[in-house]
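Written below as structure tokens is the structure these notes are about.
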Amino acid sequence: ERRKRGIVIKDDWPGYSLDLFTYPEHYHEDIESVYIPHGVIRNRIERLAHYIVDDFGENAIMVLCVLKGGYKFCADLVDFIKVFGRNSSKYLETRVEFIRLKSYLNDQSTEDLHIIGSRDLSFLHGKSVLIVEAIVDTGKTMKALLKHVETFEPKMVKVAGLLVKRVPNMAESLTDYVGFEIPNHFVVGYALDYNEYFRDLNHICVISKTGKMKYKV
Ligand code: 5GP
């Protein structure tokens, strides 16, 4: 289904030349191209918000934002959900809670996944939950999180992933609302980081060799 797959970005998409857009000067040598411009990201999120409002109906939405990468996606998504609520006069109740997970070192996924910051999630019991995650790669993170969330016995759980990577045994089936399906590149920007750098970049970009070297830990 088209809706599930999101906008498919082909393997040979080189991105837009950097000089066609504005971006923080200090990253000049650190990114290859503008892979997904900020405006396109926003437009796509507006569409996802529409699907979500349709699916959740009258149910209050318990939004679970996966930090830190998901914070921009979450903020924009919840804003669009509210706008639709206002326009259709069925103002949807939303509550946002944050959860922090870590599984990456440099650009490599590591085996150990930690839930770092998590408050008591027992308020999810019997509620409609929307997990908001910036990027789903192998799906390991999402599987672990879903398992954790299910222990609180919510009424339903949906997953919104702004980006889903096209990798073998794709985790697409985990994700109910997909913004973009992308090739297996390491991307940064729009709150996605590389060792904490690049979160202050609005576009989603592909990091350059120079950038990888410069910010390696
Ligand atoms: P998974 O468990 O699905 O392999 O990885 C998901 C997590 O890895 C995401 O929450 C994100 O933090 C990180 N991640 C995966 N791919 C990328 C990427 O291309 N760029 C960035 N910045 N983080 C990524």
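Read-outs: derived from the displayed coordinates by stated rules, not from any lab. This is a predicted model, so every value here is computed, not measured. Reconstructed Cβ throughout: ideal geometry from the backbone, glycine too, with neighbour counts over all protein chains shown.
Quick notes on this structure:
- Taking only alpha carbon atoms, region 132-211 gives an Rg to Rh ratio of 1.02, where Rh is the Kirkwood radius.
- Per-residue packing, averaged as other Cβ atoms within 10 Å, sorts the ranges 26-39, 58-71 into the order 58-71, 26-39, beginning with the highest.
- For the chain, taking a cut-off of 4.7 Å between Cβ atoms, the unpaired cysteines are Cys205.
- Amide H within-cut-off set for Ser128, under 5 Å, with H built and near neighbours excluded: Met62, Lys155, Met156
- Rg and Dmax of the chain, Cα atoms only, in Å: 17.1, 51
- Here the 3J(HN,Hα) profile of region 152-169, calculated from phi with Karplus coefficients 6.51, -1.76 and 1.60 at θ = phi - 60°, is 8, 6, x, 6, 8, 10, 10, 10, 10, x, 5, 10, 10, 7, 7, 10, x, 6 Hz, Gly and Pro shown as x.
- Long-range amide H partners of Glu32 with built H, under 5 Å: Val206, Ile207, Ser208
- Peptides ranked, highest mean first, by Cβ atoms within 10 Å: ranges 194-202, 76-84: 76-84, 194-202
- Legend: residue pairs Lys158/Lys209; Lys68/Lys214; Lys72/Lys102; Lys4/Lys82; Lys147/Lys209; Lys4/Lys209, Cα-Cα distance threshold 25 Å; pairs beyond threshold, Lys158/Lys209; Lys147/Lys209; Lys4/Lys209.
- Close amide H pairs (under 5 Å, H built 1.01 Å from N) link Leu67 with Ile99, Arg100, Leu101, residues at least 5 positions away or on another chain.
- Loop trypsin sites (Lys or Arg not before Pro), region 2-55 (other Cβ atoms within 10 Å of the site Cβ: 11 or fewer; DSSP): Lys10
- A full extension of the chain between Asp79 and Met213 corresponds to an added length of 44.6 nm, given 0.36 nm per residue minus the alpha carbon distance.
- More than 15 Å apart - percent of Cα-Cα pairs taken over region 13-75: 66 percent
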